[in-house]
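The values are calculated or read from the model by the stated rules, or taken from the named source; none is laboratory data. This is a predicted model, so every value here is computed, not measured. Every residue, glycine as well, gets a Cβ built from its backbone with ideal geometry; the counts of neighbours run over all protein chains shown. Side chains included, ligands, DNA and RNA excluded: accessible areas come from the protein's heavy atoms. Shrake-Rupley method; radii C 1.70, N 1.55, O 1.52, S 1.80 Å.
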Amino acid sequence: MEKIEKYLFGNFFEFKRFSTYQLSVFAQDTLNRFNYFNDHHEYDAIIQCLKAALDRLQLEINFLEMDLGLSIGEKLNTTQFIKLFEKTMMVKEKEIALEVGGYNSPAYFEFYPFGLPEYKKIRSVDIPILIHRIYTVANANSHQLSPDLMKTLVAFKRFWESNLNGQLQSFDVSLNLKKQTRVDVEMALLMSIHWVALNYPGNMEYCNSFFDFKLLYKKGYSSKKGTIKDIG
């Protein structure tokens, strides 16, 4: 009974391992569907609420992707993310050393306490600890780092929190804290779902026409604004 209550009255999206990117794709598709059916403006309030929350989340996702040098919409699995982190810490070592006062400076040793070898062949269970370290050290030395280098270094933790931490069974609890921007989208989606159910009780086929829940399980799906798929 408890499980049923959670799905009926709780946050459905909180209990599933949906990445923030998958959630944004589902939300965008849902918004498109409400717009499609909004001939008489009966869904204006739902559309306005969902769009406001989604716009903020998409802006954050796009900034994270650009900070890591990714194309908009490009997704990484855990292995690819680790490889990118390893490469960045290797390639940026000289730049970091120059900006924080040299290879013998205290700040350099905070970034590389065990030297470069620590950033080679990183195990998946170690990656949350390492990216949290880099995030913390970069913020502590932000006055010495160039804006571009700073954005790249802190983006790893933010990208991990938004997209990948659910793919590991063991990770630092502090990295699993939800961003308010994601929670806002979750709440807007829940309100949309309950509103449709309230207005069309028992009409499962019509209710389902507003939501494509399969998108929450698809990897690398890209939903373009204004595009409606499989409505009919």
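Solvent exposure of His40, expressed as accessible area, is near 150 Å², computed with a probe of 1.4 Å over the protein chains only. For the set Thr181, Thr79, solvent exposure ranked by accessible area (probe 1.4 Å, protein chains only) runs largest to smallest as Thr79, Thr181.
Taking every protein chain into account, the accessible area of the stretch 71-138 amounts to 54 square angstrom per residue (probe 1.4 Å). Residue by residue, the stretch 110-122 carries 3J(HN,Hα) couplings of 6, 6, 10, x, 10, x, 4, x, 5, 9, 10, 6, 5 Hz when phi is fed to the Karplus relation 6.51 cos²θ - 1.76 cosθ + 1.60 (θ = phi - 60°); x denotes Gly or Pro.
Across the stretch 52-60, coupling constants 3J(HN,Hα) worked out from phi with the 6.51/-1.76/1.60 Karplus curve, θ = phi - 60°, read 4, 5, 5, 4, 5, 5, 5, 4, 5 Hz, and Gly and Pro carry x.
Structure note, pairs Lys92/Lys179; Lys92/Lys151; Lys94/Lys151; Lys92/Lys157; Lys120/Lys157; Lys94/Lys179: Cα-Cα distances above 23 angstrom occur for Lys92/Lys179; Lys94/Lys179. About its Cα centre, the stretch 93-144 has a charge dipole of approximately 200 debye under the convention of +1 per Lys or Arg Cβ and -1 per Asp or Glu Cβ, with nothing else charged. A simple rule links phi to the HN-Hα coupling: the Karplus curve 6.51 cos²θ - 1.76 cosθ + 1.60 with θ = phi - 60°, which for the stretch 196-205 gives 5, 4, 5, 8, 10, x, x, 8, 5, 4 Hz, with x for Gly and Pro.
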